[in-house]
Amino acid sequence: MTAEESELRELRASVREFLEAKSPEEAVRKLMESEPRFDLDVWAQAADQLRLPGLVIPEEYGGDGFGPVELGVVMEEMGRALLCSPFFATVVLAAQALLASGDSEACARHLPGIASGRTTATLAVAEDGGSWDPALISARAVPGGDGGWRLSGRKSFVIDGTTADLILVVARTVAGPSFFAVDRTAPGVAAVAMETLDATRAMARLTFDSVAATPVGAEGAGGRIMAKVLDVASVGLAAEQAGGARRCLEMSADYARTRYQFGRPIGSFQAVKHKCADMLVQVELAEASAREAARLAEEGAADFPVASAVAHACCSRAYMVAAMENIQVHGGIGFTWEHPAHLYFRRAKSSQLLFGGPAVYHERLLDRLGI
């Protein structure tokens, strides 16, 4: 085992131990019905003890400067535990958007707070149609009389939109789609929680009424920035999906070994064996594609965008298959509200649809392939 592999194993063990203690099923169910939909103390501990918010933020901005491979390990464990936290919105979406913008002033202003865990953030792109395509954005930003910018419009499906301190909004200007930073408490910002399939990932509908906004990156560069963000975020999401799929497989295998019917474990029946075997194939493929994409991102490889799109497609399918088969293996109890299988199914479905759904991410794969 190389030193790098040993470090990744230690990171995984530390994060898993922390999440097993802080995100058991009881805690997840409690947070699903609370506001905010994450535990402030657990988030503070993740920042102070494990320094997770600053994991992939460059050292010059107060982070630890690790890369996509380490992020993938953390995301797999968070997906496995169904952790309710602002990590995905803050670190995988907002922080990566700031870095992709190339705006050193904006990075210096916002990233240190994110790295310390004191600032949570999110990315507001999709509108009522749910599309993450910058070309379909209707929210607008115009220069204000005070020399600043004023942003108006509505955004939907904004992850942690009711609690994030910083909102990065994609809005249209005369130069094209552009990024803007908005304070959630600024006058003219209204946030309403949305009721969605997956209650473990809070989403909100935001309305901006001539809100003061600060440009991030070059005006009109929103399309280019979003392409970079989606490539990185898709790998992070793929790792989370792979972690959830692995947990579904573990739940099914454990149940098949311990549930007896007709005097024998149900895992001895061929139909159940086939289901578990099919799940294993999907999970192994998901982990391999997510980890390979993270490795290529780390190396800055030219074919990373293709690998990212492949990982997103593979992991979305694998998680759905694993989540559905997990319910089937558990039989009647798997369909009940009291059993955690449905929580993973809901996360699997919502993750599959997060960036637009199968039709969109397959189209993105073709685009990355140049077809």
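The values are calculated or read from the model by the stated rules, or taken from the named source; none is laboratory data. Everything numeric here is computed off the predicted structure, so don't read it as measured data. Cβ placement follows ideal geometry from the backbone for every residue including glycine, while neighbour counts extend to all protein chains displayed. Side chains included, ligands, DNA and RNA excluded: accessible areas come from the protein's heavy atoms. Shrake-Rupley method; radii C 1.70, N 1.55, O 1.52, S 1.80 Å.
Odds and ends about this structure:
- For the chain, the longest principal axis of the alpha carbon atoms and the long axis of helix 222-258 meet at an angle near 20°.
- Segment 242-297 - convex hull of alpha carbons, volume per residue in Å³: 53
- For segment 106-168, taking the reciprocal of the average inverse distance between every pair of different Cα atoms yields a Kirkwood hydrodynamic radius of 13.3 Å.
- For the chain, the solvent-accessible area with a 1.4 angstrom probe is 43 square angstrom per residue.
- In the chain, Cα pairs under 8 Å separated by at least six residues give a relative contact order of 15 percent.
- Most fluctuating residue given options A341, A218, A242, as computed from a GNM of the chain linking Cα atoms under 10 Å: A218
- Between G220 and S178, F179, the built amide H atoms are under 5 Å apart, and every one of these is 5 or more places off in sequence or on another chain.
- Derived value for segment 77-229: Kirkwood hydrodynamic radius 15.3 Å. Basis is the mean of 1/r over every pair of different alpha-carbon atoms.
- According to the Cα-based calculation, Rg over Rh for the chain is 0.98, with Rh computed by the Kirkwood formula.
- Across the protein chains, with a 1.4 Å probe defining accessible surface, the residues L50, L197 rank L197, L50 from largest area downward.
- Pairs of C-alpha atoms in segment 257-335 farther apart than 22 Å represent 40 percent of all such pairs.
- Candidate lysines - alpha carbon under 20 Å from K30, same-chain residues fewer than 8 apart omitted: K22
- Average projected area [Cα convex hull, segment 12-65], square nanometres: 4.2
- Max mean-square fluctuation residue, GNM over the chain, Cα-Cα springs under 10 Å, options H274, H312, H110: H274
- Evaluating 6.51 cos²θ - 1.76 cosθ + 1.60 at θ = phi - 60° for every residue in segment 142-152, the Karplus couplings come out as 10, x, x, x, 8, x, x, 10, 10, 10, 9 Hz, glycine and proline recorded as x.
- Listed residue (A13, V192, A115) projecting farthest to the positive dipole end of the chain, Cβ model: V192
- Sum of side-chain charges, G332 neighbourhood, beta-carbon under 14 Å (Lys, Arg +1; Asp, Glu -1): 0
- Residue-span extension gain [M194 to V360] - 0.36 nm each, minus C-alpha spacing: 57.5 nm
- Over the chain: helical MRE at 222 nm, DSSP H runs n ≥ 4 each giving -39500 (n - 2.57), nearest 500: -17000 deg cm²/dmol
- Over segment 12-165, Cα pairs under 8 Å with separation of 6+ residues give a relative contact order of 22 percent.
- Shown here is the pair-distance distribution of segment 300-357: with all Cα-Cα distances grouped in 10 Å bins from zero up to the longest one, the shares run 23, 40, 23, 10, 3 percent.
- Principal axis box of segment 153-257, alpha-carbon based, largest edge first, Å: 61, 29, 18
- Relative to the longest principal axis of the Cα atoms of the chain, helix 270-299 runs at roughly 30 degrees.
- Carbon and sulfur %, accessible surface of the chain computed with the full protein complex present, 1.4 Å: 54
- Computed with every protein chain present, the accessible area of C248 is close to 0 Å² [probe 1.4 Å].
- Rg/Rg_ref, segment 73-125, where Rg_ref = 2.2 N^0.38 Å and atoms are Cα: 1.19
- Surface listing: H362, H339 arranged by accessible area from highest to lowest gives H362, H339, probe 1.4 Å.
- Kirkwood hydrodynamic radius over Cα pairs of segment 177-323, then Stokes diffusion coefficient at 10 °C and 1.306 mPa s, in µm²/s: 86
- Protein-only accessible surface order, largest first, of R364, R118 at 1.4 Å: R118, R364
- Note on segment 35-151: the C-alpha convex hull projects to 9.3 nm² when averaged across all orientations.
- The H on the amide N of D160, modeled in the peptide plane, is under 5 Å from the matching H of A202, M203, A204, each at least 5 residues off or on a different chain.
- Under the Karplus curve 6.51 cos²θ - 1.76 cosθ + 1.60, θ = phi - 60°, whole-Hz ³J(HN,Hα) for segment 97-105, x wherever Gly or Pro sits: 5, 4, 5, 5, 5, x, 8, 5, 5
- Relative contact order for segment 242-301, counting Cα pairs under 8 Å that sit 6 or more residues apart, in percent: 35
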